[in-house]
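To start, the structure itself, in structure tokens.
The values are calculated or read from the model by the stated rules, or taken from the named source; none is laboratory data. None of these values were measured; they are calculated from a predicted model. Cβ sites come from the backbone with ideal geometry, for glycine too, and all protein chains shown count toward neighbours.
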Amino acid sequence: MSALNPLIVYSLAVNAATGLAVGMALLWVWRSHRELLLTRDLAFSQLLQAVVPLGYWASQMADHRVAALGLSVAVFAQIGSVALILRGSCRLSGWTVSRTEWALFLGLLSVAGLWVVVFNDPSLMAWASPLFITVAGVAVTRGLRRSTPADRLVGPLLVLLGLNQVQFALWGQAALVLQFNIGTGLRLVLGLVLMYAALARASTASRHLRMRFQQLVERSHQGIFVLVGQQVRYANPALLSIYGVTRLAELSATGLLRGLRREEIDEVAVHFRQLDSGMVDEVHWEGLRQRQNGSSVWLRFSAWRTLWGEEEATQVLVTDQTADHDATQALLYQATHDELTGLPNRSALLQRLRQCCVPLPERPEFGLVLLGVDRFKLFNEAHGHSMGDEVLKALAAAVVRELGQGCDLMRLGADEFAFLARPYQDGDSAAAMARRVQKLLLQPLVLPQHRFFIDVSMGIALYPEHAQDAEALLRAANAAMHAAKRTPGTSMALAEARFERGSSELLAQEQALRTGIELREFSLHYQPKVDAHTGRLTSFEALARWDRPGVGAISPVEFIAVAERTGLIEELGLLLLTLACKQVVDWRNRFARLVPVAVNVSPLQMLDGGFPALVEQLLYSCDLPAEAITLEITESAAVANLEQAREQIQQLRAMGIAVGLDDFGTGFSSLNMLRSLPLQSVKIDRGLIEPLPVADAAAVVRAICQLAGALRLEVVAEGIETQAQAQAARAAGCHELQGELFAMPLAPADAERWLAGIQANVYA
């Protein structure tokens, strides 16, 4: 090895160390800010530049092979460093360099490098390297001329770095020490400038992020507040608006709980203790709260632990759900109350009876009184339905005044009422209360400009003497009421066993139904369901038809009720389901497409533990996939036992068979089914669709869609007869529409027009 000047050795070492340190530091900066591609390229350039002094040092070795290798390393490390600088500069300045141009550039550098290695003549490389670095510096200066002051220093530093390397081209090794020392300083300054620029950019980004977050929070429609201990440290404008205050100072932890009962406050305290102890990461609750002006709002809260500065805090997200809550309450009220009188309806009565008919050792005795207005049709015919409605409201008010608010008067139908009574309590037995009503109606009902004498027939059934469950008790009281109607004037009758036997016509109908099932007198018609937004056919609903020989068409409402009462529903249901499956097979073979068919299933069929297996076997025998049919549960007298059907529905869903709820909104039982059973869809009853697009009716439909959406259920609106109803149902969130606007129930041959794609689109 030839002796090197110690000063040169020291300069080489410092230059290499500086390049390594600066390159590693720039890589660390780039890892945190991957968008800074120039920083990355300069980092690798610095690392390669750190190899150049080491290669030069090796090139001065006495061993020719080591010297040649060292020279090659130094030359090509320099080439790589220059290439990376130019690459980053081009990207930053926006210059587009083609692959051909890059190949030409690298070729020129490689030729210069090979010239140095082969001929040991550094002159070509000595001029090429500073030239390209200087060009890169000019490009960076141009690209960053509108950037931050720190960024704008990068270009000039690169220019100086390129010009510094000209010393070797001009004066050779005599200028080497000075070049290395100046280069070391320039590289160090360049690295510091890039790191400072990255930190400044990160600070700016952090500030912008903080500002964006603040804007999001300040403009959010949901309330947000932060509690540190019992002190409210922050509240956004939405939170202040929700509670009806204008300043943060008006809020306090106790004020947020204004108007709550002690048990509600204790419940909130439990939530916060769970958060403080780390038992849960987030808690949710909701409830009624009072605003500053005393008005009430229904709020939903979500809370989690956070930091407020250096202090442990709790952040709470508050959502005003007053509108949704009111809509839900309106839906619940509508489901359980009569619209005309405001009294509880039949669904509420059944719910109350199920609560009272409990199989306890000491069962509380009570009586059920059914009250039917005699010849009520005459009021409608003589004075119109409006006057008939006024008569019913006046009768209800008079009975409530006579019996007291505790009588729980309910309206069951057009002209039927009911109330419950403890049979032997303070003389107010069911019979005694009925006699008080009888005495009341000896006097006329006084209405504006009218006085009417009213006769009613009352049937009384006692629990547990006459029946052991809600439905049986209601049937017994109903039979007794019809028996009382045979007595002129306001009369009453106590339930008897013979009342339950029914009429000869009912028996004849049951016998005819058995024969009809055996002889397969039933058929199916198909009503299309369409996509709410496109109007395209999505599926059919199979509707049962019975043409009874010698009688004619029988209403499905009538023969389904008879089938459920007689236990024939399973046999009839299997027949209808088989007809639907065979029709789907026929259509699939002829039209090469599978259109699902929905089949109504009685809850009584669901009580059969073998029903899922029966459906599976039927699909297998017809070679149909599970999605070929949908089963829709209708409300019936067996709805009280639907809890027992949960397992069967789960088995059907596990097979891939969709199960939906039909006629949703007709009673409280529908809400129970929606909440407790693993359903896939709900069909809104036509009674709720008919008033559309009236605003309050649309609000009820929207509330149903929101409830269904929370449970991930599809919503079908049936009974669509006008374009206005279709538009309102679609806007409320319904997914599918069905009704006479699109098609009446069709015979199979007519339904095939839809399958053939020639049916006119209503939306067209």
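General observations
- Selection of strands (runs of 3 or more DSSP E) fully inside the stretch 283-373 by the criterion of at least 2 residues being in the same structural domain as PRO691 (by TED's automatic domain parsing) and of a type in the set (Asp, Glu) returns nothing.
- Filter result for HIS533 (in contact with a Lys or Arg (Cβ under 9 Å, 6 or more places away or on another chain) and surrounded by fewer than 15 Cβ atoms within 10 Å (Cβ to Cβ)): yes
- The residues of the stretch 670-685 that are among the charged types (D, E, K, R) and at pLDDT 80 or above, listed by number, are LYS683, ASP685.
Yes/no matrix, rows are residues, columns are (1) in contact (Cβ under 8 Å) with a residue 24 or more places away in the chain; (2) of a type in the set (Asp, Glu); (3) in a loop (DSSP other than H, G, I, E, B):
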position: ASP389; (1), (2), (3): yes, yes, no
position: ALA394; (1), (2), (3): yes, no, no
position: ALA397; (1), (2), (3): no, no, no
position: ARG401; (1), (2), (3): no, no, no
position: GLY413; (1), (2), (3): yes, no, yes
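- Filtered residues of the stretch 698-757 (kept if of a type in the set (S, T, N, Q) and in contact (Cβ under 8 Å) with a residue 24 or more places away in the chain): GLN706, GLN723, GLN725, GLN727, GLN738
- Residue match in the stretch 539-552 (condition: outside the structural domain of LEU661 (by TED's automatic domain parsing), in contact with a strand residue (DSSP E or B) (Cβ under 9 Å, 6 or more places away or on another chain), without any contact (Cβ under 8 Å) to a residue 12 or more places away in the chain and not aromatic (Phe, Trp, Tyr)): no
To keep it simple, each residue is scored yes or no on (1) modelled with pLDDT under 85; (2) acidic (Asp, Glu); (3) in contact with a Pro (Cβ under 6 Å, 6 or more places away or on another chain); (4) buried (at least 16 other Cβ atoms within 10 Å of the Cβ).
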| residue | (1), (2), (3), (4) |
| --- | --- |
| GLY223 | no, no, no, yes |
| ALA235 | no, no, no, yes |
| ILE242 | no, no, no, yes |
| VAL268 | no, no, no, yes |
| GLN274 | no, no, no, no |
| ASP281 | no, yes, no, no |
| LEU288 | no, no, no, no |
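- Of all residues making up the stretch 284-328, the number that are out of contact with any Lys or Arg (no Cβ under 7 Å at 6 or more places or on another chain), polar (S, T, N, Q) and farther than 21 Å from ARG261 by Cα: 3
- Hey, LEU299 under 23 Å from the mean Cα position of the chain (by Cα) and not aromatic (Phe, Trp, Tyr) or not: yes
- Selection status of VAL597, under 30 Å from GLN723 (Cα atoms) and free of Cβ contacts under 8 Å to residues at least 12 places away in the same chain: no
- Out of ARG548, ARG565, sole residue that is at pLDDT below 85, more than 19 Å from LEU746 (Cβ to Cβ) and not β-branched (Val, Ile, Thr): ARG565
Okay, residues lined up against (1) crowded, with 23+ Cβ neighbours inside 10 Å; (2) over 20 Å from the mean Cα position of the chain (by Cα); (3) of a type outside the set (Lys, Arg); (4) part of a helix (DSSP H, G or I):
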{"position": "ARG675", "(1), (2), (3), (4)": "no, no, no, yes"}
{"position": "LYS683", "(1), (2), (3), (4)": "yes, no, no, no"}
{"position": "GLN706", "(1), (2), (3), (4)": "no, no, yes, yes"}
{"position": "VAL716", "(1), (2), (3), (4)": "yes, no, yes, no"}
{"position": "ALA728", "(1), (2), (3), (4)": "yes, yes, yes, yes"}
{"position": "ALA749", "(1), (2), (3), (4)": "no, yes, yes, yes"}
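- The stretch 449-464 - residue that is part of a loop (DSSP other than H, G, I, E, B) and free of Cβ contacts under 8 Å to residues at least 24 places away in the same chain and, of those, nearest to ALA493 (Cα to Cα): PHE453
- Residue match in the stretch 553-560 (condition: in the same structural domain as ALA654 (by TED's automatic domain parsing), part of a helix (DSSP H, G or I) and under 37 Å from the mean Cα position of the chain (by Cα)): no
Rundown of residues vs (1) aliphatic (A, V, I, L, M); (2) over 21 Å from ALA512 (Cα atoms), yes/no style:
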{"position": "ILE560", "(1), (2)": "yes, no"}
{"position": "THR566", "(1), (2)": "no, no"}
{"position": "LEU575", "(1), (2)": "yes, no"}
{"position": "LEU594", "(1), (2)": "yes, yes"}
{"position": "ASP608", "(1), (2)": "no, yes"}
{"position": "ALA613", "(1), (2)": "yes, yes"}
{"position": "LEU618", "(1), (2)": "yes, yes"}
{"position": "ALA626", "(1), (2)": "yes, yes"}
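- Selection from the stretch 630-669 of residues that are modelled with pLDDT under 65 and more than 17 Å from LEU350 (Cα to Cα): none
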